[in-house]
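The values are calculated or read from the model by the stated rules, or taken from the named source; none is laboratory data. Nothing here was measured: the structure is a model prediction, and the numbers come from that model. When we count neighbours, we look across all protein chains shown, and the Cβ atoms used for this are built from the backbone with ideal geometry, even at glycine. Side chains are part of the model used for accessible areas, which takes the heavy atoms of the whole protein and leaves out ligands, DNA and RNA. Shrake-Rupley method; radii C 1.70, N 1.55, O 1.52, S 1.80 Å.
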Amino acid sequence: MRVLVTGGAGFIGSEYVRGLLSGRYGFGEPTGVTVLDKLTYSGNQANLAPVAADPRLRLVVGDVCDAALVDAVMPGHDLVVHFAAETHVDRSIVAAAPFVSTNVVGTQVLLDAALRHGVERFVQVSTDEVYGSIDHGAWTEDQPLAPSSPYSAAKAGADLLALAYHRTHGLPVVVTRGSNTYGPYQFPEKLIPLFVTNLLDGRPVPLYGDGGNVRDWLHVTDHCAGIALAAHRGRPGRVYHLGGGTELTNKELTGRLLEACGAGWEMVVNVPDRKGHDRRYALDTTRARRELGFAPRVGLSEGLAATVAWYRDHRDWWEPLRARDREATAAPGVPATAGPAPATSARTAALP
Ligand code: NAD
């Protein structure tokens, strides 16, 4: 099986690629894995370093919105796992255009090419954020979409397109919606790596509003295992929820991170709440458990401890990213204005 992984140099996509090439998912060894990634500020070739020497891996640096490129890359792939996206809510509040472009148009370009070239399975990797906010209980997959941010609205648009390609054209699409994901190699703008790298540097951490927003946390290895299950066992046209079953308020999570980093509450600065901030997310994962055999394995305490240890031991990975993106770390509501210039034309990159 040949697999095309878009966004495979990002946080979750690179974990999926490392797992795939290590044979971690148990659905047979892939004969080839192509990563198509624009290497935006959050994409990083270093994330693929552990598997860079594998002859089955090819990195194509390019944009999923580039229809000619996607049409050239797609042939010969059996499975597409689509991670590529603009992913940071705060950035989408400041500037929504790249989110609509990559998340919506990019998905449509990929779906068209997958259809044209007879791809056997297309996995649209999505998020619990497409449902908006829920005070009590948990969403099932038939919950109407009510996204709050430009990020989640663009992801919802992509999900609907993917499902429409199944209904209209019979493209074998599966959509996964995962909860807040954490682990190694996450760009240090999202809450956990931002807080951990700040604390390791002796800097304060910015906590939004009253800190009462509730998130369900899923370790990245469990998220990727769920995506692999959906790719191989999921029913076309179906949505699957991948959640960790571990809800915490941001304040509770902050307490755990302070403890893990040996810091106290004096390191926490309360900052004005994010505009449109969803109060709580919660996924009902019954379908994924029953139909796919999905079962998260990494407990939150164990996963957080390992994640903090990883950032402590990998300053060489995150310090250059922090230096390049310094202003994004001042407060989560102030995204960096510029990452590296995006690659506009494709090239096959030498892997590190
Ligand atoms: P990330 O920001 O770490 O990685 C995104 C990757 O996509 C980067 O490598 C980037 O270079 C690439 N990319 C961006 N625009 C591109 C374009 N136009 N063409 C090609 N490549 C492009 O994000 P992540 O956290 O790894 O998220 C991956 C996917 O999982 C996203 O679709 C996201 O919506 C979804 N998801 C994330 C979470 C989470 O908590 N991180 C939870 C649920 C779902």
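General observations
- Within the range 120-128, the presence of a residue that is free of Cβ contacts under 8 Å to residues at least 24 places away in the same chain and out of contact with any Leu (no Cβ under 6 Å at 6 or more places or on another chain) is excluded.
- Selection from the range 124-155 of residues that are in contact with a Pro (Cβ under 6 Å, 6 or more places away or on another chain) and within 11 Å of the ligand (Cβ to nearest atom): Val130
- Cβ-Cβ under 6 Å pairs, at least 6 apart or on other chains, the range 94-105 side outside any loop (DSSP other than H, G, I, E, B), far side open to solvent by 40 Å² or more (accessible area, probe 1.4 Å): Phe99/Pro150
- A residue that is of a type in the set (Val, Ile, Thr) and open to solvent by 30 Å² or more (accessible area, probe 1.4 Å) cannot be found anywhere in the range 254-262.
- One residue from Val60, Val80, Val89, Val64 being surrounded by 19 or more Cβ atoms within 10 Å (Cβ to Cβ) and under 14 Å from Gly10 (Cβ atoms): Val64
- Residue in the range 180-228 that is farthest from Arg18 (Cα to Cα), counting only those that are within 11 Å of the ligand (Cβ to nearest atom) and among the charged types (D, E, K, R): Arg215
- Of the numbered criteria (1) part of a loop (DSSP other than H, G, I, E, B); (2) under 18 Å from the mean Cα position of the chain (by Cα), the one Pro75 fails is (2).
- Sole residue being in a helix (DSSP H, G or I) and within 7 Å of the ligand (Cβ to nearest atom), chosen from Gly43, Gly19, Gly13: Gly13
- Filter result (more than 10 Å from the ligand (Cβ to nearest atom) and in contact with a helix residue (DSSP H, G or I) (Cβ under 6 Å, 6 or more places away or on another chain)) within the range 60-78: Ala67, Asp71, Met74
- Scoring Pro188 on the criteria (1) open to solvent by 10 Å² or more (accessible area, probe 1.4 Å); (2) out of contact with any strand residue (DSSP E or B) (no Cβ under 8 Å at 6 or more places or on another chain); (3) not aliphatic (A, V, I, L, M) leaves a single failure, condition (1).
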